[in-house]
Amino acid sequence: MGRPHEALLEPVACALCGADDCETVYEARYDQEKDFDLVEKFRASGDELLIDRLVRCRRCGLQYVNPRLRGDLILSSYTEGEDPTYVSQLAARERTFDSALEQIERLAGGRGRLLDIGTAAGAFVAAAVRRGWDAEGCEPNRWLGEWGARHYGIRIRQGSIFDQDYAHGSFDVVTLWDVIEHTPDPRAVLNRCRELLKPGGLLIVNYPDIGSWIARLLGRRWLFLTSVHLWYFDRATIKKMLESGSFDVAEIRPHYQRLELDYILQRGSILSKALSNAGRAVIRPLGVGRAQVPYWLGQTFVAARRRL
């Protein structure tokens with residue numbers, strides 16, 4: 001069975017080594033598509049499990065979706081639409097970012113000027129501003145960016161990083177929280193980050209690691225194998241990607257995030273509705289659904305410095 005958007009698919013080469021030589025990891029399952037509306041599919045809180053073909057580059061090992069929807073359609077779809085589901089978890093996200101900023105300040109040697117690319121509703125920028133950073137963000141989705149700027153009173157420019165006129169070498173830190181795996185051209189994004197950073201400046205990347213033990217254990221049922229992710233890095237391929245872009249990796253470690261317990265259980269319904277409903281029924285009378293709990297499913301924090 002085909003899919004409504006099948007004619008809009010395009011073949012892609014490996015973003016890391018440029019080779020067009022891949023093997024299939026998972027075959028496409030287009031008959032299981034649930035989000036026929038592209039705006040719904042590519043929202044920040046999109047949770048449709050991967051239906052596209054996942055491949056592995058035979059030369060460098062990078063895993064990625066091939067073929068995929070055209071990059072311009074992905075970006076334009078993400079730009080539109082509202083996402084109240086995402087902003088419902090901002091308080092928990094702020095706690096996550098407060099902890100991350102302690103690590104960033106240690107690596108950066110203090111505070112300075114910071115840019116958050118793909119900032120969504122601005123929780124990271126808000127947390128950084130509260131700690132004394134001169135911080136701002138850019139965000140393609142109009143609704144999220146406007147919501148965050150209004151809610152937090154922070155600077156968020158609308159559009160992708162390529163739509164902005166930031167001066168070269170003007171930031172001490174640039175961050176990509178859960179962004180690089182979504183972008184149609186990750187190498188171009190990293191090149192732009194390098195331009196914007198001061199020599200020796202710090203780039204922070206957070207991504208879901210397909211080489212993590214939990215991803216390998218869960219296989220195709222890994223929750224980060226979703227339609228919104230185009231590239232699947234592991235520690236080796238993310239390190240190669242950064243080093244080839246003139247960055248030196250300083251630190252790689254697991255990244256623990258916080259979300260409300262009921263929200264985590266609800267998101268788990270894409271794997272098992274029965275277990276999700278049972279878990280939510282258990283916690284409801286206990287009144288702990290809003291508890292902000294740490295979780296880890298392969299999220300990985302990388303800090304890299306722009307080469308001098």
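If you build the Cα gyration tensor of region 84-306 and take the root of 5 times each eigenvalue, what three semi-axes come out, in whole angstrom, biggest first?
Details: eigenvalues 171, 88, 50 Å².
So the three semi-axes of region 84-306 are 29, 21, 16 Å.
Which loop-located GluC sites (Glu not before Pro) does region 1-101 contain, where loop means any DSSP state but H, G, I, E or B and the Cβ has at most 12 other Cβ atoms within 10 Å?
Sites meeting the loop and neighbour criteria: E27.
Could you tell me what percent of the DSSP beta bridges with both partners in the chain are antiparallel, to the nearest 5?
Around 65 percent of the beta bridges assigned by DSSP in the chain are antiparallel ones.
I want the local charge near R142. Using Cβ-Cβ distances under 14 Å, sum +1 for each Lys or Arg and -1 for each Asp or Glu among the other residues.
The answer is -3.
With a cut-off of 8 Å between alpha carbons and a minimum separation of six or more residues, what is the relative contact order of region 1-90 in percent? Let's see the in-between values first.
Working: 126 pairs, mean separation 31.0, N = 90.
Relative contact order comes out at 34 percent.
Under the rule of at least 5 residues apart or a separate chain, name every residue whose amide H is placed under 5 Å from the amide H of H182.
L230
Using just the helices of the chain, give the 222 nm mean residue ellipticity in deg cm²/dmol: DSSP H runs with n ≥ 4 each add -39,500 (n - 2.57), and the total is spread over all residues, rounded to 500.
Values: 11 runs with 100 residues, N = 308.
The helix contribution divided over the chain gives -9000 deg cm²/dmol.
What cysteines in the chain have no other cysteine with a beta carbon less than 4.7 Å from their beta carbon?
C22, C138, C193
Over the chain, with a Gaussian network built from C-alpha contacts below 10 Å, which listed residue (I117, I104, I210) shows the highest mean-square fluctuation?
It is I104.
Quick query: amide H of A291 versus all other amide H atoms, modeled in the peptide plane; which residues come in under 5 Å with a sequence gap of 5 or more or a different chain?
Amide H neighbours of A291, under 5 Å, 5+ apart: L261, D262.
Which net charge results when you count Lys and Arg as +1 and Asp and Glu as -1 among the other residues whose beta-carbon is under 15 Å from that of A100?
Neighbourhood net charge equals +1.
Using the crude model of +1 on Lys and Arg Cβ and -1 on Asp and Glu Cβ, and no other charge, please compute the dipole size for the chain relative to its Cα centre, in debye to 20. The partial results should precede the final answer.
Working: 42 positive and 41 negative charges, 184 e Å.
Roughly 880 debye for the chain.
How large is ³J(HN,Hα) for each residue in region 136-146, as worked out from phi by the Karplus curve 6.51 cos²θ - 1.76 cosθ + 1.60 (θ = phi - 60°), to whole Hz, x for Gly and Pro?
Per-residue couplings from phi come out as 8, x, 10, 8, x, 6, 5, 5, 4, x, 5 Hz.
Over 32 Å between Cα atoms, which of K198/K239; K34/K198; K41/K239; K41/K198 qualify?
Table pairs above 32 Å Cα-Cα are K34/K198; K41/K198.
For the chain, calculate the relative contact order in percent as a whole number, restricting contacts to Cα pairs under 8 Å that are 6 or more residues apart.
Relative CO of the chain lands at 17 percent.
In region 275-308, which trypsin sites (Lys or Arg not before Pro) fall in coil by DSSP and have 16 or fewer other Cβ atoms within 10 Å?
Taking region 275-308 and a limit of 16 other Cβ atoms within 10 Å, the loop trypsin sites (Lys or Arg not before Pro) found are R290, R307.
Throughout, read-outs are computed from the coordinates displayed, never taken from laboratory work. Bear in mind that the values here come from a model prediction, so they are computed numbers and not experimental data. Neighbour counts are summed over all protein chains in view; Cβ atoms, including those assigned to glycine, are modelled from backbone coordinates with ideal geometry.
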